[in-house]
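Taking it in order: structure first as structure tokens, then the write-up.
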Amino acid sequence: MDPELEAFLPFLPDLDMDDPVSARRSFAERAASVPAPDTSGMAVVDRKVPADPDVPVRIYRPHRARGAVVWLHGGGGVFGDLDSEHPWAARLAAGSGAVVISVGYRLAPEHPYPAALDDAYAVLVWAAGHAAELGLDPERIAVGGHSAGGALAAAVALRARDHDGPPVRFQLLNQPGLDDRQETWSARHFTDTPWVNRDKIAAAWRHFLGSAPATPYAAPARATDLAGLPPAYVTTAEFCPNRDEGIGYALRLLAAGVSVELHQWAGTFHGSQAILSAEVSQRQIAELAAALRRAVAG
């Protein structure tokens with residue numbers, strides 16, 4: 001493991017995924033300790049996207065930005081919100097020069113699948129339909145997210161392709177959790193990895209799915225046809241149960257004729273980017289921003 005990351009292991013909060021209220025509290029406390037980003041070079045506005053129910057979003061607009069990403073926070077579909085995602089969304093906007101539309105989607109178990117996907121897709125449709133009002137180029141709208149948010153982004157891209165939705169320019173999938181079956185080598189063997197392990201991911205899937213079947217729009221790794229999807233940037237962490245499903249999805253996208261950039265980060269674990277003082281975390285955030293800049297910001 002990267003020695004800078006390893007030094008922080010004793011200080012990581014425990015996330016009890018069997019108790020969503022406790023997990024939310026622990027995650028919020030950890031997020032509150034992250035240094036506040038510099039937002040002086042952008043406008044930051046909270047809005048509600050009309051839907052059923054309305055979806056809260058926080059829009060980060062760098063000067064003269066025309067490209068955008070509908071951005072979906074992590075948290076296993078169980079925790080996370082606009083405030084906990086604020087440090088990362090602001091840094092992504094500043095580094096990429098793109099408008100970041102951070103989505104406060106509904107959380108499980110109170111709102112199981114497909115609530116989160118419906119919210120995320122509603123925001124994509126709204127952003128494309130209101131591009132002129134928002135000052136966006138409707139041909140330069142991407143989807144992206146961390147972890148469960150990365151899976152939601154992949155699912156939004158699938159739904160847009162299958163249901164004649166708005167054009168998606170790019171998908172930015174950061175350590176995505178794509179497969180509920182947990183049959184890969186990393187999912188079966190990483191039972192004691194830092195912060196996130198096999199059991200915690202299994203609990204998150206139970207909350208997220210509820211009584212719904214695991215369709216490809218819930219778990220995109222189940223999709224049998226990946227042709228015609230937008231270009232992708234996929235990242236994985238070495239010590240992450242989701243590692244092999246992310247790598248497998250990227251390779252299947254390539255085999256389906258989709259342009260893909262895959263970055264496997266050695267010495268890292270799931271969510272270790274939250275340790276901002278580590279040099280490897282700084283490089284990861286910078287490369288995510290650079291990938292988005294190349295794709296939509298011009």
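Relative to the Cα centre, the charge distribution of the range 3-297, modelled as +1 at Lys and Arg Cβ and -1 at Asp and Glu Cβ, gives a dipole magnitude of about 700 debye. FRET efficiency for the residue 83 to residue 247 pair, using the beta carbon distance and R₀ = 45 Å, is estimated at 0.90.
When DSSP beta bridges are restricted to pairs lying wholly in the chain, around 30% turn out antiparallel. The range 270-298 and the range 65-113 have their alpha-carbon centroids 15 Å apart. Between residue 163 and residue 227, the distance separating the two model label sites (each 7 Å from Cα on the Cα→Cβ line) works out to 2.3 nm. The spacing between the range 226-245 and the range 134-160, judged by their C-alpha centroids, is 14 Å. Close amide H pairs (under 5 Å, H built 1.01 Å from N) link residue 236 with 175, 263, 264, 265, residues at least 5 positions away or on another chain. What is the sum of charges around residue 46, taking Lys and Arg as +1, Asp and Glu as -1, for the other residues whose C-beta is under 15 Å from the C-beta of residue 46? Here the charged neighbours net out to 0. Highest mean packing comes first when the peptides 218-231, 261-274 are listed by Cβ atoms within 10 Å, giving 261-274, 218-231.
The phi torsions of the range 120-130, fed into the Karplus equation with coefficients 6.51, -1.76 and 1.60 and a -60° offset, translate into couplings of 4, 5, 4, 5, 4, 4, 5, 4, 5, x, 10 Hz, rounded to whole numbers, with Gly and Pro shown as x.
Could you tell me what % of all Cα pairs in the range 3-297 have separations over 31 Å?
Working: 8192 of 43365 pairs.
Above the 31 Å cut-off, the range 3-297 has 19 percent of its Cα pairs.
Here r is the Cβ-Cβ distance between residue 276 and residue 18 and R0 is 30 Å; the resulting FRET efficiency, rounded to 0.05, is 0.55. Residue-wise HN-Hα couplings along the range 203-212, as the Karplus relation 6.51 cos²θ - 1.76 cosθ + 1.60 with θ = phi - 60° gives them from phi, are 5, 4, 4, 4, 5, 5, 7, x, 9, 7 Hz; Gly and Pro carry x.
Sorting 135-145, 31-41, 175-185 by average packing, meaning the other beta carbons within 10 Å per residue, from highest down gives 135-145, 175-185, 31-41.
Placing pseudo-labels 7 Å out from each Cα toward the beta carbon at residue 293 and residue 256 gives an inter-label distance of 3.0 nm. A simple spin-label model places the labels of residue 286 and residue 33 2.6 nm from each other, with each point 7 Å out along Cα-to-Cβ. Simple rule: put +1 on each Lys or Arg Cβ and -1 on each Asp or Glu Cβ in the range 3-297, find the dipole, and look at 99, 138, 86; the Cα lying farthest toward the positive end is 138.
Calculated FRET efficiency, residue 202 to residue 8, Cβ-Cβ distance, R0 = 25 Å: about 0.50 to the nearest 0.05.
In this structure, the amide hydrogen of residue 76, modeled 1.01 Å from its nitrogen in the peptide plane, lies closer than 5 angstrom to those of 148, 149, counting only residues at least 5 positions away or on a different chain.
Each reported figure results from applying straightforward, stated rules to the coordinates on display, with no laboratory input. Just so we're clear, the structure is a prediction, and the values are computed from it rather than from any experiment. Using ideal geometry, Cβ is built from the backbone for each residue, glycine included, and neighbour counts are taken over all protein chains shown.
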